[in-house]
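Reading through the structure tokens given below for one structure.
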Amino acid sequence: MSSSDNARQSNIDLAVGKHSFSITYWEITNISKKWLHLAWELFPGNKPTDEERIEIVNEYLEVTRMLFKEKDLLENDSQSINYGGKSKYTSQREYEIQKLENTKNVLQARAEEAIEAVMSDVLRKQGLGFRANILFPPTDFRLETPPLILVTSPRNKITLKDSKLVKNGIKPNIKEQIERSVEEDNITSALVDNLAGLGTYPAFVSDKYDLRQIVRTAAHEWLHNYWIFHSFGRNMWDSPEMYTLNETAADIAGNELGDLAFIRLGGTIQNNSSKYGSVEVSHPHLTRILRDTRQTVESLLLQGEIEEAEKLMRESQWTLKLGGYSIRKINQAYFAFRGNYADSPASTSKIGAELKEYRSLFDTTGEFVKSLTKIKSYEQFKQVLKSEKNNS
């Protein structure tokens, strides 16, 4: 790492300060919880059936939905009452939240195990196990809100430079404070953004979403943990193209594996097809504006028109807000981070189309996943794609 890299990282560390999230501490304090619960299920009569797993997951998600709703209502209460003290409605809501929190804590480990068991079976049936069909790494995740992520990009070019995890639950003004602190050098664009999941071990999977999105995210994060033991994952950070290749492949395969698990857990794919289709179909307005904005911004930045590009991004944010899309901030860092997923509305990368074409050459998701393990660079991927097309 160069001295300028060290200085930039130091500035990010200072900006985040006490809000920094420690992966090491989180993994140490969480990894043992799951194995203790699994050991309990080894005793006769403790392991649930598939039908019981579906009931457990549905009950957990219902309690979680109620909890998030009550927390949102409490936030609205807090903003509307005077400084004179809590209203009787606020006190009652806090009591309900505590009851729901307690119920959620009781159900959480069983719900996690239920989803993991189904996901593990799906992965094995796709041929992703080793000798004796042992799955490595084992599926292991926590249904919790992931940390936030601070991402940066130069102001004069859309490219992801640095990132740092930030504790979730911080207020909007703290996010803005962190961003302003990083941007004080006048050459950096910063954004504190949300994550749906994180490939720690156990992996984070947000339980704010519905079951289909949860199992898709769980599969996505497992694939990152699987590929890290192979060239594909180990070379993920070697170039922007390899980063996008990894994230987009995890999206494609994760969605397919997640849908298989979703069906096993009682879900019906047909009822969700419009919501989970391509972004061009499900969100045409959002996709068109974001991609048009990015293309124009990149053109302006090449001409050195930084302020004009930033003005356009602010205008696009308000246009989308009026259209019902609430994006807190659109800047260079936003496009640099969100654009790493080639099928995202914020991406203009051709890697998404290339990966979809590559996926079509394989009969199963498992074959697609395993075929990528030896890929070390984007150039090698393009050569393999060309070769596979010629042989098909």
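Summary of values
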{"item": "Elements of type strands (runs of 3 or more DSSP E) contained in region 117-214, each with 3 or more residues being more than 30 Å from LEU265 (Cα to Cα) and not charged (D, E, K, R)", "result": "148-154, 162-166, 188-193"}
{"item": "When residues of region 160-181 are limited to those that are of a type in the set (Val, Ile, Thr) and modelled with pLDDT of 95 or more, the one nearest to TRP26 (Cα to Cα)", "result": "VAL166"}
{"item": "Checklist (1) surrounded by fewer than 15 Cβ atoms within 10 Å (Cβ to Cβ); (2) over 19 Å from PRO284 (Cβ atoms) applied to SER326, failing item", "result": "(2)"}
{"item": "Evaluation of GLU101 against (1) loosely packed, with under 15 Cβ neighbours inside 10 Å; (2) under 30 Å from GLY366 (Cα atoms); (3) free of Cβ contacts under 8 Å to residues at least 60 places away in the same chain (one fails), failing number", "result": "(2)"}
{"item": "Region 301-337: number of residues that are touching a residue at least 12 places away in the same chain (Cβ under 8 Å) and not polar (S, T, N, Q)", "result": "19"}
{"item": "Among the residues listed as ARG314, ARG359, the single one being closer than 30 Å to GLY127 by Cα and modelled with pLDDT of 95 or more", "result": "ARG359"}
{"item": "Selection from region 321-370 of residues that are in contact with a helix residue (DSSP H, G or I) (Cβ under 8 Å, 6 or more places away or on another chain) and hydrophobic (A, V, I, L, M, F, W, C)", "result": "ILE327, ILE330, PHE335, ALA342, ALA346, ILE351, LEU355, LEU361, PHE362, PHE368, VAL369"}
{"item": "Residue under evaluation TYR95, criteria (1) farther than 29 Å from SER371 by Cα; (2) in contact with a Leu (Cβ under 7 Å, 6 or more places away or on another chain), criterion not met", "result": "(2)"}
{"item": "Any chance SER349 is of a type in the set (S, T, N, Q) and surrounded by 15 or more Cβ atoms within 10 Å (Cβ to Cβ)", "result": "yes"}
{"item": "Candidate set: region 259-311, residues that are closer than 26 Å to LYS125 by Cα and among the hydrophobic types (A, V, I, L, M, F, W, C); chosen: the one surrounded by the fewest Cβ atoms within 10 Å (Cβ to Cβ)", "result": "ILE269"}
{"item": "Candidate set: region 226-247, residues that are assigned to a helix (DSSP H, G or I) and among the aliphatic types (A, V, I, L, M); chosen: the one farthest from ALA114 (Cα to Cα)", "result": "MET242"}
{"item": "Yes/no for ALA250 being assigned to a helix (DSSP H, G or I), among the aliphatic types (A, V, I, L, M) and over 17 Å from the mean Cα position of the chain (by Cα)", "result": "no"}
{"item": "Residue satisfying all of: in region 210-258; over 16 Å from SER120 (Cβ atoms) and small (Gly, Ala, Ser); surrounded by the fewest Cβ atoms within 10 Å (Cβ to Cβ) among these", "result": "SER239"}
{"item": "Answer from ILE178, ILE174, ILE228 - the residue that is under 20 Å from THR373 (Cα atoms) and aliphatic (A, V, I, L, M)", "result": "ILE228"}
{"item": "Qualifying residue in region 330-343 (condition: surrounded by 16 or more Cβ atoms within 10 Å (Cβ to Cβ), more than 27 Å from ASN186 (Cβ to Cβ) and of a type outside the set (Ser, Thr, Tyr))", "result": "yes"}
{"item": "Conditions (1) farther than 30 Å from PRO172 by Cβ; (2) touching a Gly at 6+ places or on another chain (Cβ under 8 Å); (3) surrounded by fewer than 19 Cβ atoms within 10 Å (Cβ to Cβ); number of the one not met by GLY366", "result": "(3)"}
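Residue-wise test of (1) aromatic (Phe, Trp, Tyr); (2) modelled with pLDDT of 85 or more; (3) over 25 Å from the mean Cα position of the chain (by Cα).
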| residue | (1), (2), (3) |
| --- | --- |
| ALA15 | no, yes, no |
| ILE28 | no, no, no |
| ASN46 | no, no, yes |
| GLY85 | no, no, yes |
| GLN92 | no, no, yes |
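The values are calculated or read from the model by the stated rules, or taken from the named source; none is laboratory data. A quick note: this is a predicted structure, and the numbers were derived from the prediction, not measured. All Cβ positions, glycine included, derive from the backbone under ideal geometry; neighbour counts span all protein chains shown.
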